[in-house]
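**Q** One structure coming up, written as structure tokens, with questions to follow.
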Amino acid sequence: MKINGTEYTMPELNFNTMCKLEDMGVSLTEMDQKVLTTVRGFLALAMDDDMEKAGMEIEQHLASGGSLDPLMESINKAVNESGFFRALSQSQEKGNAASTETSGEKTV
């Protein structure tokens, strides 16, 4: 993720980093509704969990004419390439399929 001329490396998104993001107020299910919180949380994660510094970096980025779009693209790429996120998605899909199968059964 590049912001204000500095390239930040996103740490691997595993269970612990996802919990850190949740502690920062970032929810994967609300990424589209809470774009600012999402971008700040992911940048903070790449900046050793410094939310205040991440917010200032984003503010400076926007003030100089930058856009959130490339930052969100980097975040989406990191999430989509995360082995943990892929496994979680598959687990939820299996759970939904099982729920659909059992909800169709009639009870007497």
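Here, each number is a calculation from the coordinates, and none is a lab measurement. Everything numeric in this text was worked out from a predicted model, so none of it was measured. No Cβ is skipped: glycine too gets one built from the backbone with ideal geometry, and neighbour counts run over all protein chains shown.
**Q** With +1 on each Lys and Arg Cβ and -1 on each Asp and Glu Cβ, and nothing else charged, work out how big the dipole of the chain is about its Cα centre, in Debye to the nearest 20.
**A** Working: 9 positive and 18 negative charges, 51 e Å.
I would put it at about 240 debye.
**Q** In percent, how large is the relative contact order of the stretch 1-67, given Cα pairs closer than 8 Å and 6 or more residues apart? If you can, show how the numbers build up before the last one.
**A** Numbers: 53 pairs, mean separation 21.9, N = 67.
Taking the mean separation of contacting Cα pairs over the length of the stretch 1-67, I get 33 percent.
**Q** While we're on this one: How would you rank Met10, Met56, going from fewest to most other Cβ atoms within 10 Å of each one's own Cβ?
**A** Details: Met10 18, Met56 13.
Lowest count first: Met56, Met10.
**Q** Out of Ser91, Leu13, Ser27, whose Cα points farthest toward the positive end of the dipole of the chain (charges: +1 Lys, Arg; -1 Asp, Glu; placed on Cβ)?
**A** Farthest towards the positive end: Ser91.
**Q** Springs between alpha-carbon pairs under 10 angstrom, Gaussian network model over the chain: which of Ala46, Ala63, Ala78 fluctuates most?
**A** Highest fluctuation of the listed residues: Ala63.
**Q** Would you grab the residues whose amide H sits under 5 Å from the one on Ile3? Only those 5+ places off in sequence or on another chain, please, with H modelled 1.01 Å from N.
**A** Hits under the 5 Å cutoff: Tyr8.
**Q** Can I ask one more? Name the shape class, rounded, prolate or oblate, that the alpha-carbon gyration tensor gives for the stretch 12-61, where a ≥ b ≥ c are the square roots of its eigenvalues, rounded holds for a/c under 1.5, and otherwise prolate holds if a/b is larger than b/c and oblate otherwise.
**A** On the way: a/c = 2.30, a/b = 1.26, b/c = 1.83.
Oblate, because a/c is 1.5 or more while a/b does not exceed b/c.
**Q** Given a Förster radius of 30 Å and the C-beta distance between Ser64 and Lys34 as r, what FRET efficiency does 1/(1 + (r/R0)^6) yield to the nearest 0.05? Before the final figure, lay out each step's value.
**A** Details: r = 23 Å, r/R0 = 0.77.
So, using R0 = 30 Å, E works out to roughly 0.80.
**Q** Under a cut-off of 27 Å between alpha-carbon atoms, report the lysines in cross-link reach of Lys34, not counting same-chain residues fewer than 8 places apart.
**A** Within the straight-line limit of under 27 Å, Lys34 reaches these lysines: Lys2, Lys20, Lys53, Lys77.
**Q** What angle, in degrees between 0 and 90 and rounded to the nearest 10, separates the Cα long axis of helix 35-46 from the longest principal axis of the Cα atoms of the chain?
**A** With rounding to tens, the tilt is 70 degrees.
**Q** Let me ask another. For helix 83-103, report the angle its Cα long axis makes with the longest principal axis of the Cα atoms of the chain; keep it between 0 and 90° and round to the nearest 10°.
**A** The angle comes out at about 30 degrees.
**Q** Here is a follow-up. Give, in nm to one decimal, the length gained when the segment between Glu73 and Gln92 is fully stretched (0.36 nm per residue of separation minus the Cα-Cα distance). Mind dumping the intermediate values first?
**A** Details: separation 19, 0.36 × 19 = 6.84 nm, distance 2.36 nm.
So the extension gain works out to 4.5 nm.
**Q** If you don't mind, another one. Can you list the trypsin sites (Lys or Arg not before Pro) in the stretch 1-104 that are in a DSSP coil and have 16 or fewer other beta carbons within 10 angstrom?
**A** Values: sites: Lys2, Lys20, Lys34, Arg40, Lys53, Lys77, Arg86, Lys94; in loops: Lys34.
Answer by residue number: Lys34.
**Q** Sticking with this one: Relative to the longest principal axis of the chain, what angle (0 to 90°, nearest 10) does the C-alpha long axis of helix 51-63 take?
**A** It works out to around 70 degrees.
**Q** In which sequence would Phe85, Phe42, Phe15 go, from the one with the fewest C-beta neighbours within 10 Å to the one with the most?
**A** Numbers: Phe85 16, Phe42 27, Phe15 10.
Ranking Phe85, Phe42, Phe15 by Cβ neighbours within 10 Å, fewest first, gives Phe15, Phe85, Phe42.
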